[in-house]
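Report on one structure; see the data block that follows.
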Amino acid sequence: MRRPLNDKIFMRWAADTAEASTCAKIKVGCIIVKDNRVVSLGYNGVPSGIEHCCDHFVGDHSPKSLGEEAFKQQHSLFSERYERHAESNAIMDALKRGQGLTGATLYCTYSPCFSCNKTILQAGITRVVYEKVYNEESVKVLQDYIIVEQLSLETVEDLIENFFNKNLRDDLELYLTGLGIENAGSKLSSFVRTQKNRFLRNFTQLE
């Protein structure tokens, strides 16, 4: 008997699909599953014939050239005018092929926005599983009508690495800077890397 696929497998599939996105800001992937079978997939991007986001924001318009705030504003305008979200693309692809989605589950690397919420509900999808939060308010609204769940793909090793790279490093750098130590950030790199690797080795042995 074939073993049913689980949520993490489908979420990884959605994460792999996100790699096809041409968005210069956030790559989002989505798959739709019905009766334990993938019936459609999508990623965020522009309709056929329109310049891709990653081709538009280059040179003088690149994120580095524009700066974070200017890029954020210009990308928001570009996205509003031209880009379609992964969820909408996946739903549209299925419906164009005559594939019904009533009772289906949608897996997406980011939670749906308000606009995609409406498309999801109209399509008859009854469950949404997402990895990262895009908009907390839109999640709350969708939860009033269908099942919405968050599922992280991070492993314990990922969580430990993130802790050492961000939390521990930030706290130590702030402390050392307060003591008047110059170049505290660069001096911490080797120390944090060593401690992280030591902790991971010890954790693996405990398992």
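Using a cut-off of 9 Å between beta-carbons, work out the net charge of the residues near GLN150 (Lys and Arg +1, Asp and Glu -1, GLN150 not included).
Its environment carries a net charge of -1.
If ILE146, ILE31 are ordered by their accessible area, calculated over protein heavy atoms with a 1.4 Å probe, which sequence runs from highest to lowest?
The residues order as ILE146, ILE31, largest area first.
Would you mind counting up the charge near GLY45? Only other residues with Cβ under 13 Å from its Cβ, with Lys and Arg at +1 and Asp and Glu at -1.
Within the 13 Å Cβ shell, the charges total -3.
What accessible surface, in Å², does a 1.4 Å probe find on ASP144, ignoring ligands, DNA and RNA and rounding to the nearest 10?
That residue has around 120 Å² of solvent-accessible surface.
Arrange the residues MET11, MET92 by how much accessible surface each exposes, largest first, with a 1.4 angstrom probe.
Most to least solvent-accessible, the answer reads MET92, MET11.
Specify, per residue and in Å³, the volume enclosed by the convex hull of the alpha carbon atoms belonging to region 1-130.
For region 1-130, the hull spanned by Cα atoms encloses 112 Å³ per residue.
Starting from the Cα of LYS96, move 7 Å in the Cα-to-Cβ direction to define the label point; list residues of region 6-36 whose amide nitrogen is under 17 Å from there.
So the set is 20-22, 30-32.
State, as an integer percentage, the relative contact order of region 1-94 based on alpha-carbon contacts under 8 Å between residues 6 or more apart.
29 percent
Tally Lys and Arg at +1 and Asp and Glu at -1 over the other residues with C-beta under 14 Å from the C-beta of VAL58: what net charge comes out?
-1
The values are calculated or read from the model by the stated rules, or taken from the named source; none is laboratory data. Not measured: the values here are computed from a predicted model. Every residue, glycine as well, gets a Cβ built from its backbone with ideal geometry; the counts of neighbours run over all protein chains shown. When the accessible area is computed, the model is the full protein with side chains, heavy atoms only, and any ligands, DNA or RNA have been set aside. Shrake-Rupley method; radii C 1.70, N 1.55, O 1.52, S 1.80 Å.
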